[in-house]
Amino acid sequence: MSDAFIQINNLSKRFGGIQALDHVSLTIRKGKVLGLMGENGAGKSTLMRILCGIQTCSQGEIIVEDKRADINCPEDAQDLGIGMIPQELLLVNCMSVAENMFLGYEILDRFGAVDAKAMDLRTQEVLAELGCEGIAPSDCLGTISKANQQMVAIGRRIIQGGKLFIMDEPTSALTVHETEKLFGVIRSLCNKGQSVVFISHRLEEVLELCDYFAILRDGVLVDVFDNGDGISKQDLIKPMIGSVLDEEYPHEQADLGEVILSCEGLSYKKDNEEIVDDITFSLQAGEVVGFSGLVGMGKSELAQTIYGLRPMLNGAIKVHGEKLKGHDVIESSKRGMGFVSEDRRSEGLILGLKCLYNMTLTCLRKLSIGTVIDRKKELAVGMKYVTPMNMKREYLSLPANNLSGGNQQKVVIARQLASDAEIIIFDEPTKGIDVLAKSEVAKIINSLSKQNKGILIFSSEPREVLGLCDTVYVLNLEGLQGPYRRGELDYQSLMGIQFGEHHE
Amino acid sequence: MNSWFKQCSYRGSLIGIVVFFIALSIFSPVFLSMNNFINIFNQITVNVIIAAGITLLIISGGIDLSVGSILALCGIFTANYFRSAPGGGSVLIGILIGVVVGLGCGLFNGLIIAYLHIPPFIATLGTMSIFRGMALVFSGGRPLMDLNERYINLFTGFIGPIPKQFVLAIIISLFLYFLLERTRIGRVAFALGGNERCVMISGISVKTFKLLFYGMSGLLAAIGGMVLTSMIAAAEPIAGINYEMDAIAVVVMGGTSMEGGKGNILGTIFGALLLGIVRNGLNLLGVDANYQQLFIGLIIMIAIISGSTKKDA
């Protein structure tokens, strides 16, 4: 018996004129974790969607456990034990954990009614198996943490008899601790002979977790190799982008100017109703200030409070030494603040609208005479940002929805640039975008600071904060720690502070 | 077929217009006459004026069910003034009253929706009944006649061969076309319908724009009321019942998406034209009134279905 669970032979897929997958042959091994790597648009998702029956291939064959398999719909994949845990969890927030686990596969009693007791029992078993303490089958899904929701999604697959677990960016919403726990679960799945395909843009993670790698570039499988001691990030990046990336986070020190933003004794409520107080810091022109912290410490909430999206319970926000008159978005943006939301698709962009229109949304007043838009001026604004951001001109007339995540993020950033915002707040600026786009966004942020803008970065990726920022603050259980100057912290000590250790 | 036509969101209405035009030219001896065309134009005028406002609202992610009631209420207020003022009153003041009432009703809708965060469907469902009730109360439930002749003449009659009120409808449509395509107000309407939260985060005053959009819808309903009152030379408290539904139907037939963020005025006009031609044709062919209703419903459905662009799975 071979150790192959799935053998993919010469798989191709075309979308119109685009060759999404080009004769891909790959073995998915039993009891191993495959790190499927590639930039956005390299064909990772297409390949996985074909395995799951969401799309069909144009050419090629899939052999599951030595038998040729015809996977034409998700039910076929289900029967073969192939299941995907998508990036955006498809769960129902207002239903209980147990109901979610069995959604569509409910256990029925002899009268044909849903057997809630049996479902609760089985859920309890699966939760224990996954090492999830602290959640009960009857808990409402919306009230448990993202990490636990992830566990529920995995549990759902286990209940349905999964043999292959495909996980698309499962760690993007998890803390370091939760990620470790998830890795434990993945390893125990593998020990039982089940297979896992793991997709992530976080290179440190995949190096830690995966047994072997398959790397896709432009629909072609460019490399397959085992993980081992000698394998470094560059070994992954090089085949992915076809060249060596000189620096993930290029940094050049800008000259610092006067203080443009200061927060004094700010307090606010987190999503879980806990109060965070006594946030005091200042931001100089040309400075990049980073806020790091574990999920749940109130990072995003702080970003929202500063911008006026969330009520401020106490304290003061001053721009150029002058207190804000009200505390709402309209006042903040009038005073030169801009906000790049963590959630591009639901807060950052109007997906159906042309990219150009997305870019000019906040600066329209400047481009209009009365209310009539000067279309030449508008186009000029778009053209001004396309080239330096390494985007194509044609993107301007496409709906934002048609762009890759990285390019979408550039559109959101271009909107801030066009509006002449002086203080730009970035909440998770590189979430869910590929390595190349990450480095481009980093370059843009760097060039902004050289144009004398003040930048606030809220990020859960410690390396990003360390790489990009002049000054770092950390939010932990005790409140705001810092400031730490550039070079004062390394990865280890930053993580330490996140977990509440004191830095000497 | 070229790609423009495949992409065109109102192609269902265009096809319908061509098909019915040819069919009616063959089967009805009077369809192809100037008088009949004028008849069709007259009949769709009020619908076009109201639907222009509804197009703006649906694009911005809203809806207004109270337009038919606003139309009636404006007519009643204006008529009451003309009947009570000595010498029939001034035309200008009559128009002003209509405008103020319509704008007021629209802003009232906007206030409830923008500041109290009531979903527009529910809010205007309520005000639809309130405004209708007010129209009935202030008229005593009876049609009000004997209106100022000069007022009536202002909205009826001809400019060259074309009815005045139809010219008015075209001017209003052109104005809204310009507003939607070329101005900041229009751009914000599309943006709001596409993603309200994003617009809010961008520092744009969502409330102000919502007020503006609902105010505009009320104002257009008031103009519709002036035209209708003049055409029938009476203000009826029960005028304009179901006009909101006709307006929504032609807006959607014209390819405007009920989800917001997508749409255009041109399609709305074609939708209204199709509906007008079908109604006219059914009358000319002497189709039983009971069957007319059924048939019109089918045409609306077909126009919408054939205009929808299928999404690739």
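The values are calculated or read from the model by the stated rules, or taken from the named source; none is laboratory data. Because the structure is a prediction, the values reported are computed rather than measured. All Cβ positions, even for glycine, are placed from backbone atoms using ideal geometry, and neighbour counts span all protein chains on display.
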**OP:** Considering only residues that are over 21 Å from B:Met258 (Cβ atoms) and assigned to a helix (DSSP H, G or I), look in the stretch B:194-211 and name the one that is nearest to the chain's Cα centre (by Cα).
**Re:** B:Leu211
Subject >> Failed item in (1) part of a loop (DSSP other than H, G, I, E, B); (2) over 27 Å from A:Gly290 (Cα atoms); (3) without any contact (Cβ under 8 Å) to a residue 24 or more places away in the chain; (4) small (Gly, Ala, Ser), with A:Gly352 passing the rest >> reply: (3)
Original post:
So B:Gly271 clears everything in (1) part of a helix (DSSP H, G or I); (2) over 22 Å from the mean Cα position of the chain (by Cα); (3) surrounded by 13 or more Cβ atoms within 10 Å (Cβ to Cβ) except one condition, right? Which one?
Top reply: (2)
Original post:
Using beta carbons and a limit of 8 Å, which pairs, at least six apart or on different chains, have the first residue in the stretch B:34-49 and at positive phi and the second one surrounded by fewer than 18 Cβ atoms within 10 Å (Cβ to Cβ)?
Top reply: none
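Taking B:Phe213, is it within 13 Å of another protein chain (Cβ to nearest Cβ) and under 30 Å from B:Thr78 (Cβ atoms)? Working first, answer last.
Numbers: within 13 Å of another protein chain (Cβ to nearest Cβ): no; under 30 Å from B:Thr78 (Cβ atoms): yes.
The answer is no for B:Phe213.
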Original post:
Is there a residue in the stretch B:148-158 that is out of contact with any Asp or Glu (no Cβ under 9 Å at 6 or more places or on another chain), loosely packed, with under 15 Cβ neighbours inside 10 Å and outside any helix (DSSP H, G or I)?
Top reply: yes
**OP:** Identify the residue in the stretch A:93-113 that is among the hydrophobic types (A, V, I, L, M, F, W, C) and surrounded by 13 or more Cβ atoms within 10 Å (Cβ to Cβ) and, among all such residues, is farthest from A:Lys163 (Cα to Cα).
**Re:** A:Met95
**OP:** Answer yes or no: is there a residue in the stretch A:440-453 that is without any contact (Cβ under 8 Å) to a residue 40 or more places away in the chain, closer than 23 Å to B:Gly186 by Cα and of a type in the set (A, V, I, L, M).
**Re:** no
Original post:
Which one of the conditions (1) over 20 Å from B:Ser9 (Cα atoms); (2) within 14 Å of chain A (Cβ to nearest Cβ); (3) of a type outside the set (A, V, I, L, M, F, W, C) does B:Gly224 fail to meet, given that it meets all the rest?
Top reply: (2)
Original post:
Does the stretch B:243-252 include one or more residues that are outside any helix (DSSP H, G or I), more than 14 Å from chain A (Cβ to nearest Cβ) and β-branched (Val, Ile, Thr)?
Top reply: no
Original post:
Somewhere in the stretch B:175-187, is a residue more than 19 Å from B:Thr55 (Cβ to Cβ) and out of contact with any Phe, Trp or Tyr (no Cβ under 9 Å at 6 or more places or on another chain)?
Top reply: no
**OP:** Filter the stretch A:149-167 down to the residues that are within 17 Å of the chain's Cα centre (by Cα) and in a helix (DSSP H, G or I), then identify the one that is surrounded by the most Cβ atoms within 10 Å (Cβ to Cβ).
**Re:** A:Gln150
Original post:
How many residues are assigned to a loop (DSSP other than H, G, I, E, B) and away from every other protein chain (no Cβ under 14 Å) when one looks only at the stretch B:253-264?
Top reply: 1
Original post:
Quick check: is even one residue across the stretch A:55-71 within 20 Å of the chain's Cα centre (by Cα), surrounded by 15 or more Cβ atoms within 10 Å (Cβ to Cβ) and farther than 14 Å from A:Val152 by Cβ?
Top reply: no
**OP:** Considering only the stretch A:319-332, state which residues are within 10 Å of chain B (Cβ to nearest Cβ) and either surrounded by 21 or more Cβ atoms within 10 Å (Cβ to Cβ) or in a loop (DSSP other than H, G, I, E, B) (or both).
**Re:** A:Asp328, A:Val329, A:Ser332
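Is there a residue being surrounded by 22 or more Cβ atoms within 10 Å (Cβ to Cβ), modelled with pLDDT under 95 and farther than 30 Å from B:Gly94 by Cβ anywhere in the stretch B:15-31?
Taking the stretch B:15-31 first, the residues surrounded by 22 or more Cβ atoms within 10 Å (Cβ to Cβ) are B:16.
Checking which are modelled with pLDDT under 95 leaves us with B:16.
Now drop any that are not farther than 30 Å from B:Gly94 by Cβ, which leaves B:16.
Yes: the stretch B:15-31 contains one or more residues that are surrounded by 22 or more Cβ atoms within 10 Å (Cβ to Cβ), modelled with pLDDT under 95 and farther than 30 Å from B:Gly94 by Cβ.
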Subject >> Subset of the stretch A:355-386 (residues that are in a helix (DSSP H, G or I), facing chain B (nearest Cβ under 8 Å) and touching a Phe, Trp or Tyr at 6+ places or on another chain (Cβ under 9 Å)) >> reply: A:Tyr357
**OP:** Within the stretch A:79-108, work out how many residues are within 11 Å of A:Ala153 (Cβ to Cβ), of a type outside the set (A, V, I, L, M, F, W, C) and in contact (Cβ under 8 Å) with a residue 12 or more places away in the chain.
**Re:** 4
**OP:** Output yes when any residue across the stretch A:411-428 is in contact (Cβ under 8 Å) with a residue 40 or more places away in the chain and away from chain B (no Cβ under 14 Å), and no when none is.
**Re:** yes
**OP:** Specify which of the listed residues (B:Gly102, B:Gly53, B:Gly110) is in contact with an Asp or Glu (Cβ under 9 Å, 6 or more places away or on another chain) and under 15 Å from B:Tyr214 (Cβ atoms).
**Re:** B:Gly53
Original post:
Cβ-Cβ below 9 Å, separation at least six or inter-chain, first residue in the stretch A:481-504 and among the acidic types (Asp, Glu), second surrounded by 11 or more Cβ atoms within 10 Å (Cβ to Cβ) and outside any strand (DSSP E or B): which pairs?
Top reply: A:Glu488/A:His503; A:Asp490/A:Leu466; A:Glu501/A:Ser493; A:Glu501/A:Met495
**OP:** Taking A:Thr175 as meeting all but one of (1) under 25 Å from A:Leu36 (Cβ atoms); (2) more than 21 Å from the chain's Cα centre (by Cα), write down the number of the exception.
**Re:** (2)
Subject >> Output for the stretch B:183-194, where each listed residue is facing chain A (nearest Cβ under 7 Å) and farther than 17 Å from B:Ala114 by Cβ >> reply: B:Thr183, B:Arg184, B:Arg187, B:Phe190, B:Gly194
**OP:** Could you grab me the full set of residues in the stretch A:303-318 that are away from chain B (no Cβ under 13 Å), in a loop (DSSP other than H, G, I, E, B) and either among the basic types (Lys, Arg) or touching a Ser or Thr at 6+ places or on another chain (Cβ under 7 Å) (or both)?
**Re:** A:Met312, A:Leu313
Subject >> Odd one out for A:Gly432, checked against (1) of a type in the set (Gly, Ala, Ser); (2) at pLDDT below 90; (3) in contact with a Ser or Thr (Cβ under 8 Å, 6 or more places away or on another chain); (4) surrounded by 21 or more Cβ atoms within 10 Å (Cβ to Cβ) >> reply: (4)
